[in-house]
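*Asks:* Please see the structure below; I have some questions.
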Amino acid sequence: MAEISFSGLGGGIKFSDIIDKLVEVARAPIKTLEAKKANYQDKITLYQDLNTKLLTLRTRVNGMNMPSEFTVRSAASSDTTKVTATATGTAATGTHTISISQLAKVEQETHSGTSSKTASLTASDVVFQYTYAGTQRSLAVAAGTSLEGLVDQINGDSSNPGVTASILDDGSGSSTAYHLVLSGKDTGYTKTISIDSGTTLSGYSSSAFTQTQSATGSVVGVNGYQSPQVEIETHSGSGVTDSSTVVNNSGSSKAFEFTYGGTTYSVSVANGTTLSGLVTAINTAAGGKVTASVYNTNQLRLTGAEPGLSRTIAVTSNTTLDGTSSTIDFRSSTFTQTQGAQGIERSTNAVSDVVTGVTFNLGATTSSSVSITVSTDASAVADKIKTFVTDYNDLAAYILENMQYDAATKTAGGLLGEQPAADVLRQVRNIVTSQIPSLSDTYTALSQIGITTGSDGLLAVDDSKLTTALGNDYESVAALFVDNGTTDGVAAQLSTTLDNLTSIVDGPVYLRKEYYTDQITEIDAQIARKEEEIQKYELSLKIQYAAVEALLSGLNSTGSYMSTQLGFMLK
């Protein structure tokens, strides 16, 4: 249907203004509905915020409704430069002693050095190959690559097994001033680095690298158990007079082989070698891991470098210095364990599985034992209780504030008259203010430990009284909150109640939000119907007033014609 418009020829009457006023009057019910909808939307927001605060309190009480959550421990060290400690609730109170003979370290391999970090290392494409912790990696090094480029390539390798490359400038300005340093990521005896035979980069074979720090694990003794010590194996000295005694006079080389910490060391003993010469050969082969020496003039002694249960020394069956063919017998049966390897070994400096619930964080070796005292952390428990009070007050204050009526401004809070909100406050308040009669402990109500309700309806904490209560009867304070198997304390009761209050099936907050959501849906439908009615009403008005305007316009034209004719007649 074509749009109906008004020409204004109907006696100068503005029919469009009349229609607009009539339509505006007809829209009054819609404005009422829109205001009601906005009010309901505000209430939904209020209940959403209320639900958030309920969930916050629920999370808080769920973290303090079991006895284990009130078992908070602290650990203090008598020497924090050597060791610190942390303790969980599973740790028993008491004092532990710890001795530290070795820290866990990462392995470092340092190159002998080159004159420049930017100059090319190679004129052709080559390979740099290394192994870390049993994983081998081969890098294709392009012609023209500098030391800086090699470092970037190692560090940027997506398949890097755990090695960090860096450049050490020793400041000498010499032809060997810049050193490639390879460092392992992890500590522990197995986290070793080796430069492998597949390396074709000239000057960067294994012989060009020095182990500047070996991969080790930590070694400790706790409470006198496994006090760290190295292994010592001593030869019987049978057949040996002194250090000049020839131990191999067979006319050919013989072998002396032993293992230490899982690594095998083979020593070639030339014909004519003396005990003193054997000592030298062993020390060369062992590289400091085992020290050979002459003991009591005629005995070979092997001493491990590192303590720990795995750092044992064992002569193997491959030893051919066996007492035959003019040799001295150095087989395993001729050695006596003078001192056994001891010490609790771990791969890192965080030792968490020796004493239940206690983690020792090692910082330095010790010359004497360090004491670690584990005690109940009453201040942490007090903080936990006070945080609970804060969350409760946040909930209560929110409800109370939105249930107020301001007489001065004649403004009502959005939750005033909302029974579900009032019920929420009543239920949680009853729990925190009521006595727990089934408790037979020192304390049966929060008020007895300094938590009382003020005139504003919120909880207040008397810090002094709470601290005293925790000091007097820690377990009784905990019982006020937890589920101990026979009685539900405040936190346990609140946990159940808050689960019900925040249920998205039949919780009162959820149901109230759904009620207002449904009301808004119905209002939207009413508004849509009203809008349709008003459109029809407006159209009918336009049709009616268009007819009126046409009639008035016709009358005006007739009157004008008659006036003109009369004027002619009177002339």
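The values are calculated or read from the model by the stated rules, or taken from the named source; none is laboratory data. Keep in mind that this is a model prediction, so the values were computed, not measured. Positions of Cβ are generated from backbone atoms using ideal geometry, with glycine treated the same way; all protein chains shown enter the neighbour counts.
*Asks:* If you scan region 239-257, which residues turn out to be more than 18 Å from S293 (Cβ to Cβ) and part of a loop (DSSP other than H, G, I, E, B)?
*Replies:* Listed by number, the residues that qualify are G239, N249, S250, G251, S252, S253.
*Asks:* Can you pull out every residue in region 251-275 that is in contact with a strand residue (DSSP E or B) (Cβ under 8 Å, 6 or more places away or on another chain), surrounded by fewer than 16 Cβ atoms within 10 Å (Cβ to Cβ) and polar (S, T, N, Q)?
*Replies:* Those that are in contact with a strand residue (DSSP E or B) (Cβ under 8 Å, 6 or more places away or on another chain), surrounded by fewer than 16 Cβ atoms within 10 Å (Cβ to Cβ) and polar (S, T, N, Q): S253, T259, T264, S266, S268, N271.
*Asks:* Given (1) out of contact with any strand residue (DSSP E or B) (no Cβ under 7 Å at 6 or more places or on another chain); (2) at pLDDT below 95; (3) of a type in the set (A, V, I, L, M, F, W, C), identify the lone condition not met by L416.
*Replies:* Tallying (1) out of contact with any strand residue (DSSP E or B) (no Cβ under 7 Å at 6 or more places or on another chain); (2) at pLDDT below 95; (3) of a type in the set (A, V, I, L, M, F, W, C), L416 fails exactly one: (1).
*Asks:* Could I ask something else about it? Looking only at region 318-332, which residues are of a type in the set (G, A, S) and farther than 18 Å from Y295 by Cα?
*Replies:* Across region 318-332, the qualifying residues are G323, S325, S326.
*Asks:* Taking D394 and the conditions (1) crowded, with 17+ Cβ neighbours inside 10 Å; (2) closer than 20 Å to L55 by Cβ; (3) at pLDDT 95 or above, which numbered condition does it fall short on, given that it satisfies the others?
*Replies:* (1)
*Asks:* Right, next: Would you mind listing the strands (runs of 3 or more DSSP E) fully within region 298-369 where at least 1 residues are surrounded by fewer than 22 Cβ atoms within 10 Å (Cβ to Cβ) and among the small types (G, A, S)?
*Replies:* Strands (runs of 3 or more DSSP E) meeting the threshold: 313-315.
*Asks:* If you don't mind, another one. Can you tell me which condition Y516 does not meet? The list is (1) touching a residue at least 24 places away in the same chain (Cβ under 8 Å); (2) part of a loop (DSSP other than H, G, I, E, B), and all the others hold.
*Replies:* (2)
*Asks:* Kindly establish whether A38 is over 40 Å from the mean Cα position of the chain (by Cα), more than 30 Å from I372 (Cβ to Cβ), outside the structural domain of V428 (by TED's automatic domain parsing) and not in a helix (DSSP H, G or I).
*Replies:* Here the answer is no, as A38 does not meet what is asked.
*Asks:* Has region 188-202 got at least one residue that is surrounded by fewer than 20 Cβ atoms within 10 Å (Cβ to Cβ), assigned by TED's automatic domain parsing to the domain that holds L150 and modelled with pLDDT under 95?
*Replies:* Within region 188-202 (the criterion being surrounded by fewer than 20 Cβ atoms within 10 Å (Cβ to Cβ), assigned by TED's automatic domain parsing to the domain that holds L150 and modelled with pLDDT under 95), the answer is yes, since at least one residue qualifies.
*Asks:* Given the condition among the charged types (D, E, K, R), within 33 Å of the chain's Cα centre (by Cα) and either outside the structural domain of M403 (by TED's automatic domain parsing) or not in a loop (DSSP other than H, G, I, E, B) (or both), answer yes or no: does some residue in region 415-438 qualify?
*Replies:* no
*Asks:* Out of everything in region 483-506 that is small (G, A, S) and in contact (Cβ under 8 Å) with a residue 24 or more places away in the chain, what residue ends up being nearest to Q419 (Cα to Cα)?
*Replies:* Filtering region 483-506 down to residues small (G, A, S) leaves 485, 489, 491-492, 495, 503.
Next cut, in contact (Cβ under 8 Å) with a residue 24 or more places away in the chain only: 489, 491-492, 495.
On the way: G489: 27, A491: 24, A492: 25, S495: 22 Å.
Step by step, filter region 483-506, then rank; the result is S495.
*Asks:* Out of G450, G454, G485, report the one residue that is among the small types (G, A, S), exposed (fewer than 15 other Cβ atoms within 10 Å of the Cβ) and more than 30 Å from K43 (Cα to Cα).
*Replies:* Result of the check over G450, G454, G485: G485.
*Asks:* Among the listed residues I282, I344, I328, identify the single one that is touching a Leu at 6+ places or on another chain (Cβ under 9 Å) and within 15 Å of Y260 (Cα to Cα).
*Replies:* I282 is the lone residue from the list that is touching a Leu at 6+ places or on another chain (Cβ under 9 Å) and within 15 Å of Y260 (Cα to Cα).
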